[in-house]
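Asks: Sharing a structure here in structure tokens format.
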Amino acid sequence: MTASPSLSLAGIGKQFTLHVQGGVVLPVLAGVALDVAPGECVALHGPSGSGKSSLLRLVYGNYRAQAGSIAIRHRGQTIDVAAASAQTILKLRRYTLGYVSQFLRVIPRVPAIDVVAEPARAVGMTAAEAERRAERLLSRLRIPERLWSLPPATFSGGEQQRINLARGFVVDYPVLLLDEPTAALDADNRRTVVSLIHEAKARGTALLGIFHDAEVRDQVADRLFAMRPPSMAA
Amino acid sequence: MTTLAMTGRPLLQVEGLTHRYGSRIGCRDVTFDLWPGEVLGIVGESGSGKTTLLKCLSAQMEPHAGHVVYDTREDGPQDVFALSEPRRRLLMRTDWGIVHQHPVEGLRMKVSAGANVGERLMAVGARHYGEIRGAALDWLGRVEIARDRIDDMPRTFSGGMLQRLQIARNLVSRPRLVFMDEPTGSLDVSVQARLLDLLRGLVADLGLSVIVVTHDLAVARLLAHRLMVMRAGAVVEEGLTDQVLDDPQHPYTQLLVASILHP
Ligand SMILES: Nc1ncnc2c1ncn2[C@@H]1O[C@H](COP(=O)(O)OP(=O)(O)OP(=O)(O)O)[C@@H](O)[C@H]1O
Ligand SMILES: Nc1ncnc2c1ncn2[C@@H]1O[C@H](COP(=O)(O)OP(=O)(O)OP(=O)(O)O)[C@@H](O)[C@H]1O
Ligand SMILES: [Mg+2]
Ligand SMILES: [Mg+2]
């Protein structure tokens, strides 16, 4: 019944050693195991500080795991993010693995439309096709057209988040990570994000996300994955 | 579980590179591969050996130990310091670009902007005046210098324009590998952003391989795919740029990242 997973985590362990603070060790994750199937959306659920964002960053290769494996299906191969080279992770991110972080990291001087279109060009779409897709997402997410040619540095928090979302959905990634994608959005835009997620699931995308908004979570998540602060987990 | 097969082979293979100034260490036992199309950032505090390493890599200085093997167009991988002097010079003038921190080090100040760019083309055998001038005009445009400045002397240019001219001079011959030492270091902050944006675009469009030295972690974040962190001449940490900056492992890298606001 269930297809083999697009994303499979086993024995994930993560702690931070804060050398600047006298070598304090901060345990965050231990023994995390989780599979996400194609077309499935799993919501990470747990209190603040339980390591939800850290787990997404580990899967993206932004944080380094101390233990365990992070297996992602990529063009007929299986890549272990926890053991992959920088070059391999960059390829994985280009073609397979999308990530919508909580905050947009702005690039000086680059207009919003190009920020959004860039991942599409990177997978080999023509500039025109990439721009067309970017425009469509910006419209759906209600970014006024007069903002498209401006760099997002001066945009509002909600506008920046929608630019980030558009950038994350401009390529049909097989695996998509979402960190509180609706936190700063109004009801109309929340509905748009829910639709985008449903469309992605219908295409077979495996989604792993953090959704603070219970209404959004109920609409998109197939199941919850409970996370506990490490003190309670121990 | 497999890892992705690398396409082809490294453009540059560096092994055990060491350079000393008398008894003082410049850089020590540096080993890494650079892949085609990859932008490698070298970061670290002042005096950590970044410039020394870059000069050894780009054959501006001879290391005391170690190897730099470059995948030449004609004969495949060759030890750069085993090549004959003329061959190494040719390689440096044609296949490589070297962008210096201070543009005057990389430009000829006594000839026009157009000649600065055209000269590099002549080094790769171009002889047709009209074509050389056409290419120079094209490249001035690509680095956002007005076409009517082509016959002006570099000393009439601003710092940002000079740096862009140096970049045009380096890229016109279509090098495969470009070395940059603090390319935005001598510029005002307002001019830096524009140059960075230009560099980002050119590197991506041309599929260049780049080794860029910078002490500015924000510049590293914008330009580099991968980072090497140096301290006291040695590489203490290496990895994917955002991983090194967001989850630094080595105490020194943590200190470096903690000492700035938003890397
Ligand atoms: N780069 C880092 N360096 C040091 N500690 C970190 C780092 N990133 C996260 N942490 C710590 O890891 C713990 C888990 O943080 P994380 O952001 O993953 O929690 P979260 O579940 O997403 O919380 P929230 O719901 O508040 O967003 C926290 O104690 C946090 O301070
Ligand atoms: N020509 C030289 N003669 C003697 N010592 C030198 C020379 N050039 C560099 N050094 C020393 O070698 C070490 C590394 O210097 P290098 O210039 O490579 O550092 P860097 O990381 O580029 O520093 P910065 O960020 O200040 O440019 C330093 O201790 C420096 O004093
Ligand atoms: Mg979080
Ligand atoms: Mg230096």
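Asks: Only one of (1) assigned to a helix (DSSP H, G or I); (2) of a type outside the set (S, T, N, Q); (3) under 22 Å from B:L223 (Cβ atoms) fails for A:V110. Which number is that?
Replies: Only one criterion in (1) assigned to a helix (DSSP H, G or I); (2) of a type outside the set (S, T, N, Q); (3) under 22 Å from B:L223 (Cβ atoms) is unmet by A:V110, namely (1).
Asks: Could you go through region A:152-175 and let me know if any residue there is part of a loop (DSSP other than H, G, I, E, B), more than 20 Å from the chain's Cα centre (by Cα) and without any contact (Cβ under 8 Å) to a residue 60 or more places away in the chain.
Replies: Yes, region A:152-175 contains at least one residue that is part of a loop (DSSP other than H, G, I, E, B), more than 20 Å from the chain's Cα centre (by Cα) and without any contact (Cβ under 8 Å) to a residue 60 or more places away in the chain.
Asks: Right, another one. Go through region B:46-66 and count every residue that is more than 7 Å from ligand 2 (Cβ to nearest atom) and surrounded by fewer than 19 Cβ atoms within 10 Å (Cβ to Cβ).
Replies: Adding up the residues that qualify gives 6.
Asks: Please work out which one of (1) under 23 Å from A:L58 (Cα atoms); (2) surrounded by fewer than 15 Cβ atoms within 10 Å (Cβ to Cβ); (3) away from ligand 3 (no atom under 16 Å from the Cβ) is the condition A:F103 fails and give its number.
Replies: Only one criterion in (1) under 23 Å from A:L58 (Cα atoms); (2) surrounded by fewer than 15 Cβ atoms within 10 Å (Cβ to Cβ); (3) away from ligand 3 (no atom under 16 Å from the Cβ) is unmet by A:F103, namely (3).
Asks: Then there's this: Test each condition in (1) surrounded by fewer than 20 Cβ atoms within 10 Å (Cβ to Cβ); (2) in contact (Cβ under 8 Å) with a residue 12 or more places away in the chain; (3) of a type outside the set (F, W, Y); (4) within 14 Å of another protein chain (Cβ to nearest Cβ) for A:T17 and report the one that comes out false.
Replies: Only one criterion is unmet by A:T17, namely (2).
Asks: Turning to a different aspect of this structure: Please find, within region B:36-54, the residue that is farthest from ligand 3 (Cβ to nearest atom) out of those that are of a type in the set (V, I, T) and either in contact with a His (Cβ under 9 Å, 6 or more places away or on another chain) or closer than 16 Å to B:A218 by Cβ (or both). I'd like the intermediate steps shown before the answer.
Replies: As a first pass, look at region B:36-54 and keep what is of a type in the set (V, I, T): B:39, B:42-43, B:51-52.
Pick out the ones that are also either in contact with a His (Cβ under 9 Å, 6 or more places away or on another chain) or closer than 16 Å to B:A218 by Cβ (or both) and you get B:39, B:42-43, B:52.
Numbers: B:V39: 30, B:I42: 32, B:V43: 27, B:T52: 42 Å.
Ranking the candidates gives B:T52 first.
Asks: Is one or more of the residues making up region A:178-198 within 16 Å of ligand 1 (Cβ to nearest atom) and within 14 Å of chain B (Cβ to nearest Cβ)?
Replies: Checked region A:178-198: at least one residue is within 16 Å of ligand 1 (Cβ to nearest atom) and within 14 Å of chain B (Cβ to nearest Cβ).
Asks: Of the residues that make up region A:56-64, is at least one closer than 17 Å to A:A226 by Cβ, crowded, with 22+ Cβ neighbours inside 10 Å and either within 15 Å of ligand 1 (Cβ to nearest atom) or at pLDDT 95 or above (or both)?
Replies: The answer is yes, given that some residue of region A:56-64 is closer than 17 Å to A:A226 by Cβ, crowded, with 22+ Cβ neighbours inside 10 Å and either within 15 Å of ligand 1 (Cβ to nearest atom) or at pLDDT 95 or above (or both).
Asks: Looking at region B:199-215, which of its residues are within 13 Å of chain A (Cβ to nearest Cβ) and surrounded by fewer than 18 Cβ atoms within 10 Å (Cβ to Cβ)?
Replies: B:R200, B:G201, B:A204, B:D205, B:G207
Residues are listed down the side, and each one gets a yes or a no for (1) away from ligand 4 (no atom under 16 Å from the Cβ); (2) over 30 Å from A:R132 (Cβ atoms); (3) polar (S, T, N, Q); (4) touching a His at 6+ places or on another chain (Cβ under 9 Å):
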site: A:F16; (1), (2), (3), (4): yes, yes, no, no
site: A:Q21; (1), (2), (3), (4): yes, yes, yes, no
site: A:N62; (1), (2), (3), (4): yes, no, yes, no
site: A:H74; (1), (2), (3), (4): yes, no, no, no
site: A:D80; (1), (2), (3), (4): yes, yes, no, no
site: A:A86; (1), (2), (3), (4): yes, yes, no, yes
site: A:L104; (1), (2), (3), (4): yes, no, no, no
site: A:A112; (1), (2), (3), (4): yes, no, no, no
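Asks: Scan region B:216-255 residue by residue and report those that are of a type in the set (A, V, I, L, M, F, W, C), assigned to a helix (DSSP H, G or I) and facing chain A (nearest Cβ under 10 Å).
Replies: Hits for region B:216-255 are B:A218, B:L222, B:V244, B:L245, B:L255.
Asks: Continuing with the same structure: For the condition touching a helix residue (DSSP H, G or I) at 6+ places or on another chain (Cβ under 6 Å), of a type in the set (K, R), within 7 Å of chain B (Cβ to nearest Cβ) and over 22 Å from A:P181 (Cα atoms), what is the one hit in A:R109, A:R121?
Replies: The match here is A:R109.
Asks: Can you tell me how many residues within region A:20-51 are surrounded by 21 or more Cβ atoms within 10 Å (Cβ to Cβ) and not in a strand (DSSP E or B)?
Replies: Going through region A:20-51 one residue at a time, the tally reaches 2.
Asks: Something else about it: Residues that are away from every other protein chain (no Cβ under 14 Å) and within 16 Å of ligand 4 (Cβ to nearest atom): list the helices (runs of 4 or more DSSP H) wholly contained in region B:1-119 that include at least 3 such residues.
Replies: So the answer is B:50-57, B:103-106.
Asks: Next up: So which residues in region B:67-94 are buried (at least 18 other Cβ atoms within 10 Å of the Cβ), in contact with a Pro (Cβ under 9 Å, 6 or more places away or on another chain) and not aromatic (F, W, Y)?
Replies: B:V69, B:D71, B:T94
The values are calculated or read from the model by the stated rules, or taken from the named source; none is laboratory data. Just so you know, these numbers come straight off a predicted model, no measurement behind them. No Cβ is skipped: glycine too gets one built from the backbone with ideal geometry, and neighbour counts run over all protein chains shown.
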